[in-house]
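The values are calculated or read from the model by the stated rules, or taken from the named source; none is laboratory data. These numbers were taken from a predicted model, which means no experiment stands behind them. Positions of Cβ are generated from backbone atoms using ideal geometry, with glycine treated the same way; all protein chains shown enter the neighbour counts. Accessible surface areas use protein heavy atoms only, side chains included; no ligands, DNA or RNA. Shrake-Rupley method; radii C 1.70, N 1.55, O 1.52, S 1.80 Å.
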Amino acid sequence: MSDTATLPIIDLADLDRDKDTRAALLDRLRVVTHEIGFFHLAGHGIDETLAQRLIAASRRFFALPDADKLEIENSHSPHFRGYTRVGGERTQGYIDWREQLDIGPERAAVANIDPERSWEVLHGPNLWPSHVPQLRDLALEWIARSSDVGLTLLRAWAESLGAPAEFFDDAFADPDPLLKIARYPGHDRTVTGQGVGSHKDVGALTLLYPEPGSGGFQVERDGEWLDIDPLPGHFIVNIGELLEVATGGYLKATVHRVLPPPAGSDRVSLPFFLNPGLDKALPTVPLSANLAAAAKGVGTDVHGGTLHSVYGLNALKSRLRAHPNVTERYHAELARSFDR
């Protein structure tokens, strides 16, 4: 069962207004992410036409013949980049009914992986579709603009928790962001009931831009699933496991999922994940006595596994689980030895 709910709205532009407005914004940001971990974000400054152009280019890619899309399938990338076909990803071991592109920082692959730094397998180049060349520049611009928004939010969170604004800056000096461009085909749910299964995000924060008019996004609260309808021009924002770890559970990484759209329809979504460097851990926030008393402690991931403080361990754990084709082709030995 599910009910429709309206998430709180945070207007990021309030940070640049008068002192009282700014203080109220910081207080609201802290309370909202302590209580539910999700909100709508306005005032982010990203022109809606950029989202429209990126979604249009993404739709051109997804409309290509399968053979053209599979030229950049993630099975060609030891770094889990590129195209994932419908049903190619797993959440909690079950099939996710979407196709997607995974795009991260453009980096050279690491030639000799240090066993103590196994996350270095995630460093590498992206795979770009030759048939939709404009997608590359649009996606990289989206990553750059979204990263700026995310860093502004992180500084606001630090202040809201009583720390200096630059408290998290070192961990994000060389971040490892990830953009997924996802298409959810309509489905009668005979194969699977999930577009993406229930999960928490493994990084610091997520900026989700759903295609206007789309639905199916749900947040779990008090054992109930709440339907969240997107607001035009707004991001849906949630914190990831790293901020839960850094605040001793005061901020909440909330379980969420996406349902498939009805048969005969589809939707495109742009989830962007701002993460620190793979070798970085977020510093522990020194909470006041009042806030510390309200911290619930750090839980497990949805598999009952450990939430690691070093981002690369969480990221690698997630990729090895989610993309069995890449894991089996390139990382079978790593998967057997890795504590998942």
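At 1.4 Å probe radius, can you tell me the per residue accessible area of the stretch 186-272 in Å²?
31 Å²
A simple rule links phi to the HN-Hα coupling: the Karplus curve 6.51 cos²θ - 1.76 cosθ + 1.60 with θ = phi - 60°, which for the stretch 179-188 gives 10, 9, 9, 10, 10, 9, x, x, 8, 8 Hz, with x for Gly and Pro.
Counting only protein heavy atoms and using a 1.4 Å probe, what share of the accessible area of the stretch 63-164 belongs to carbon plus sulfur, as a whole percent?
Its accessible area is 52 percent carbon and sulfur atoms.
Please list log₁₀ I(q)/I(0) at q = 0.07, 0.16 Å⁻¹ for the chain, using the Debye equation with identical point scatterers on the alpha-carbon positions. Summing over Cα pairs of the chain leads to -0.27, -1.59. Taking every alpha-carbon pair within the stretch 194-340, the share separated by more than 19 Å comes to 59 percent.
Per q in 0.26 1/Å, what log10 I(q)/I(0) does a Debye calculation on the alpha-carbon atoms of the stretch 163-255 return? The calculated log intensity ratios at q = 0.26 Å⁻¹ are -1.53. The dipole here belongs to the chain: it is taken about the Cα centre, uses +1 on the Cβ of Lys and Arg and -1 on the Cβ of Asp and Glu, and is about 540 debye. Under a Gaussian network description of the chain, with springs only between Cα atoms under 10 Å, the residue in HIS131, HIS199, HIS76 that fluctuates furthest is HIS131. Extension gain, GLU106 to SER198: 0.36 nm times the residue separation minus the Cα-Cα distance gives 30.2 nm.
What the pair-distance distribution of the stretch 138-197 shows, using all Cα-Cα distances binned every 10 Å from zero, is 18, 32, 22, 20, 8, 0 percent. Cross-link reach is defined here as a Cα-Cα straight distance under 27 Å, omitting same-chain residues fewer than 8 places apart; for LYS200 the lysines meeting it are LYS180, LYS252, LYS280, LYS296, LYS317. In the stretch 193-340, the portion of solvent-accessible area held by carbon and sulfur atoms comes to 50 percent [1.4 Å probe, whole percent, DNA, RNA and ligands not counted]. Mean sequence separation of contacting Cα pairs (under 8 Å, at least six apart), scaled by the length of the chain, corresponds to a relative contact order of 22 percent. Under 5 Å from the amide H of PHE235 lie the amide H atoms of LEU41, each residue being 5 or more positions distant or on a separate chain, with H modelled from the backbone and absent for Pro and chain starts. Candidates ILE228, THR247, GLN194 compared by Cα position along the dipole of the stretch 194-247: farthest toward the positive end lies THR247, with charges placed on Cβ.
The residues of the stretch 71-135 expose on average 43 square angstrom of accessible surface per residue, using a 1.4 Å probe on protein heavy atoms. Gain on full extension, evaluated as 0.36 nm per residue between ALA292 and SER265 minus their Cα-Cα distance, stands at 5.1 nm.
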